[in-house]
Amino acid sequence: MTQASASLSEKTKTTGLLLVVVLGLLSAVAIVKWLDTQRPPADLSVEDERLYLSGATVRRMSMAFNGLAADWYWMRSLQYVGRKILRRPDNVELDGLQSLNLKVLAPLLDTATTLDPQFMDPYEYAAVVLPAVDVQEAIRLTRKGIDANPTVWRLYQHLGYIYWQQHDYQAAAETYGRGASLPGAPTWMQAMKAKMETEGGSRSTARVIYTQMFEDSTDPKVKDMAQRRLMQLDSLDERDALRKFFESFRAKVGRCPTSWKEIEPVLKSLRVPTDPTGAPFDPSGKPYVFNKESCEVELDPNSGVPAK
């Protein structure tokens, strides 16, 4: 082959490759535009009715671009929940969205995982958010993930979390145990099995679960939810300790304290930070409220610690 022929052949290959890339990009754009035409109107009465197409149908139509379509449905899931939260005047926790009427969330997540069964983010979201909406769908979707990815221990962590939320500690223990037996599973998975069997409903168990969720999750909203739940656990422990101070004070004086100042010396000796009124701070940095009528310690209405 002459040098000129070789050069011509190389140019032909390069041109062909560029055409393939261009066609692929055009196809991707066409799919995204087509998916956008299927978006329900923003009106809630219409938006919550149904999906236009099932995951299996979209999978057949998107062909080689299933991953792109899965990303689109995943983003649509996040936008769907986000819009609902923004319409609420009050703050709601990611794991407590019962009142938002999220009827389309499960089908959206189901479609995303049908298009890409190895896409882990929708399974985690299903485990964290869906139990408050439809626990059976949350379990089904997480099991679907396990069926498609039987060696991914993290999916067993998600399923164990759902069972723990439902106070089914035996099922949670068995799930953590199955996950612990997988290659690469961390040692704490086996420890969680034992913890579920012995003290499934304890605060210490909840602390381990939310600590691992905070450390392992890549979703900022899930991490934020886990952090707020950890603050809640810290606050519950702190309020229990403060109640003991009140009880001790009452046993000695015969009445409740009239203000934080009366027990401030005890708090100072324990190196508990306080504001100018003597009130200790909660984990979010807001001072606790002392209810003199009930002799009870309460959260400030503006506290970042979840009340429930």
Could you please report the charge total around V128, scoring K, R as +1 and D, E as -1 over all other residues with beta-carbon less than 9 angstrom from its beta-carbon?
-2
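Only counting other Cβ atoms within 10 Å, I'd like H158, H167 sorted with the fewest neighbours first.
Working: H158 24, H167 10.
Lowest count first: H167, H158.
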Listing F249, F119 by rising number of other beta-carbon atoms within 10 angstrom, fewest first, gives F249, F119
Arrange M196, M75, M189, M231 by Cβ neighbour counts within 10 Å, fewest through most, would you?
M75, M231, M189, M196
On the formula 1/(1 + (r/R0)^6), with r taken between the Cβ atoms of T277 and D216 and R0 of 35 Å, the FRET efficiency rounded to 0.05 is 0.30
Long-range amide H partners of E296 with built H, under 5 Å
N291
Q170/A307 FRET efficiency (R0 22 Å; Cβ-Cβ; nearest 0.05):
0.15
Length gained if D234 through S204 is fully extended, taking 0.36 nm per residue and subtracting the Cα-Cα distance, is 9.8 nm
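We did not get these values from a lab; they are worked out from the coordinates using the rules stated. Values in this document were obtained by computation on a predicted structure and should not be read as measured data. Neighbour counts are summed over all protein chains in view; Cβ atoms, including those assigned to glycine, are modelled from backbone coordinates with ideal geometry.
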